[in-house]
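Here the structure comes first, spelled out in C-alpha cells, and everything after it is commentary.
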Amino acid sequence: MFAENLKKELKIISDTLSSIDVSLQMLAAKDTGTPTMLVGKKIVAQRLGVPAIAVDKLIHQGVASKGKSGLIEGRHYCKLDPDENNPSKFLYNANEILQSAWSNFIYD
C-alpha cells in the first residue's frame with residue numbers, strides 16, 4: 001500500500017515538474033521571438049488539458065484536411081525518422097500548438 005501511494009505521489013510530482021519545465025521554456029522562447037522547444041505528445045496533451053488520443057485525432061485531421069486544420073507536420077510537429085508513423089515518437093512545437101489553439105477562440 002505504501003509503495004502504491006509513493007508511486008502516485010512521484011507521478012504527480014513528475015507531471016508538475018514537466019508542466020513547469022514547459023512553461024519556463026515557453027517564457028524563454030517568447031523573449032527571443034523564436035520557438036525553441038520541442039516536447040513529447042504526453043506533455044502537449046497535458047498543456048491542452050485533453051487525453052493523448054486527442055493529439056492523434058488532430059494529426060489525422062491535419063493529414064485529412066491537407067493542412068487546413070488540425071496539427072500540421074513541419075509547423076506543429078516533426079518526425080525524427082520520416083518513416084515513423086507513431087505520434088508518440090514525434091516532437092511537438094508546444095508554442096505553435098498553443099498559439100493555434102488560442103487563435104480558434106479569437107473572433108473578428
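Rule-based calculations on the coordinates, nothing more; no lab input. Since the model is a prediction, treat every value here as computed from it, not as a measurement. When we count neighbours, we look across all protein chains shown, and the Cβ atoms used for this are built from the backbone with ideal geometry, even at glycine.
If the label point is 7 Å along Cα→Cβ of S69, which residues in segment 40-55 have backbone nitrogen under 18 Å from it?
Residues 54-55 fall inside that zone.
Just grab the label-to-label distance for K8 and C78, each label 7 Å out from Cα along the Cβ direction, in nm (one decimal).
4.1
What does the charge count around N85 come to, taking other residues whose C-beta lies under 12 Å from its C-beta (Lys +1, Arg +1, Asp -1, Glu -1)?
Summing Lys/Arg as +1 and Asp/Glu as -1 gives -3.
Between beta-carbons, use under 12 Å as the cut-off and find the net charge around V55, counting Lys and Arg +1, Asp and Glu -1.
Surrounding charge for V55 is +3.
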